[in-house]
1. Pick from 87, 68: which is out of contact with any Phe, Trp or Tyr (no Cβ under 7 Å at 6 or more places or on another chain) and at pLDDT 95 or above?
2. Tell me which residues, restricted to region 263-295, are part of a helix (DSSP H, G or I) and either farther than 14 Å from residue 46 by Cα or of a type in the set (Gly, Ala, Ser) (or both).
3. Return the total of residues in region 163-198 being in a loop (DSSP other than H, G, I, E, B) and of a type in the set (Val, Ile, Thr).
4. Which one is nearest to the chain's Cα centre (by Cα) among residues in region 308-361 that are farther than 19 Å from residue 95 by Cβ and of a type in the set (Lys, Arg)?
5. Only one residue in 164, 195, 151, 172 is touching a Lys or Arg at 6+ places or on another chain (Cβ under 7 Å) and modelled with pLDDT of 95 or more, so which one is that?
6. Considering each residue of region 126-162, count those that are part of a loop (DSSP other than H, G, I, E, B) and among the aromatic types (Phe, Trp, Tyr), and give that number.
7. Consider region 67-99. How many of its residues are within 20 Å of residue 222 (Cα to Cα), among the hydrophobic types (A, V, I, L, M, F, W, C) and crowded, with 24+ Cβ neighbours inside 10 Å?
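The values are calculated or read from the model by the stated rules, or taken from the named source; none is laboratory data. Because the structure is a prediction, the values reported are computed rather than measured. Backbone-built Cβ (ideal geometry, glycine too); neighbour counts: all protein chains shown.
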Amino acid sequence: MHPTRPLSPLLRAAGLLTALATGPALAATAPPLPALGADAKQNTVSGLSSGAFMAAQYSVTYSASVAGAGIVAGGPFYCAGLNKLGGPDRFMMTASNQCMRPQGAAPSGAAAWKEAQLFARQGVIDPVDNIKRQRLYIFTGQADSVVYPKVVAQTRAFYLSAGVSPSQIRYVDNVNAGHALLTANPGDEACPANVSPAAGSTKTNLNNCGFMQSRDILGQLYGDLKPPAGRLGGELLDFDQTEFGKGAYTGLSDVGHVYIPADCRQQTCRVHVVFHGCTQEDSRIGNRYYTSTGFNEVADSNRIVVLYPQIRTDRKRNPQGCWDFWGYSSANPSKPDYYTRTAPQMSAIRAMVERLNAPRP
């Protein structure tokens, strides 16, 4: 996961997608995201790496409408802004270094909490009192050499500072895993493997650790769940993401994906947003992230709609296809607004979730 440049070793009905290498539909042929009348009180998010930073960011900025977050190998809210050094590139530099592989102490979760309170007073994020009702799954692999465990520990510190009860947080730091979302898929990387995302990489950052981490994430966020479906009965759809982009640059791909269980066409369901990590967008690894990570199987038997928004690789601004947690989508990267409700990526995801929450036509 590298912001913009390599400063450290990191970063359907259009048709059911079946082949690994199948690319996304063109926006001109992808249908709009449907309104499903999903329960707006049970929206949750999760992500890996830059997607984890995004999940934490979204859970704070839109805390009034987020019931919980799963954060796998990601740092605290506003991590890139916690370095008080000057210079126009300080957010990018901090994201690439201190928020990933700090040589000294990691950016402070308590300091991030103070910034969140300030932003709430300024009205650019939701009131922070909402955060303390959220449920959290926070994971760091013992063998992660891309985002150090001490960085992820500060994510937990942030939520504790925000008043989240320890009983609402599942913090996992005892698995010898590398920098990846964990699966039980024989074809995935070895559990301790670390593949630093890099421009041009086709590595998946999915590691076989003998269990499906998606089940643990959704189980923590929603409580007791039915066993995953043995055979999927819903629809995996492409949808047009372009209608959700605002501003000159959002960094979003033209097409996103959504899994809709059959029950969710008629019954009230919940929404879970899954943010991929750097170099995990569909243009690079095909459908692996949204078909083989286990989210859909759990969702199918538990009435959960799974939204898989996609980022576009940009050779100049975002060569590794990361979510924005330092400001590359901001009009003024030296004074970025990536963490606010009006930021391009944040507002786009919120609009997608609102569409799924909207009453059926």
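1. 68
2. 263, 264, 265, 282, 283, 284, 285, 288, 291
3. Number of matching residues: 3.
4. Only one residue fits best here, namely 350.
5. Exactly one of 164, 195, 151, 172 is touching a Lys or Arg at 6+ places or on another chain (Cβ under 7 Å) and modelled with pLDDT of 95 or more, namely 164.
6. We begin by selecting, within region 126-162, every residue part of a loop (DSSP other than H, G, I, E, B); these are 126-127, 134, 140-148, 162.
Restricting the remaining residues to those that are among the aromatic types (Phe, Trp, Tyr) gives 148.
Total meeting the criteria: 1.
7. Looking only at region 67-99, we keep the residues that are within 20 Å of residue 222 (Cα to Cα), and these are 67-72.
Those still in the list that are among the hydrophobic types (A, V, I, L, M, F, W, C) too: 67, 69, 71-72.
Now drop any that are not crowded, with 24+ Cβ neighbours inside 10 Å, which leaves 69, 71-72.
Residues that pass the stated criteria total 3.
Condition check ((1) hydrophobic (A, V, I, L, M, F, W, C); (2) touching a strand residue (DSSP E or B) at 6+ places or on another chain (Cβ under 9 Å)) across all residues:
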position: 318; (1), (2): no, yes
position: 325; (1), (2): yes, no
position: 332; (1), (2): no, no
position: 339; (1), (2): no, no
position: 351; (1), (2): yes, no
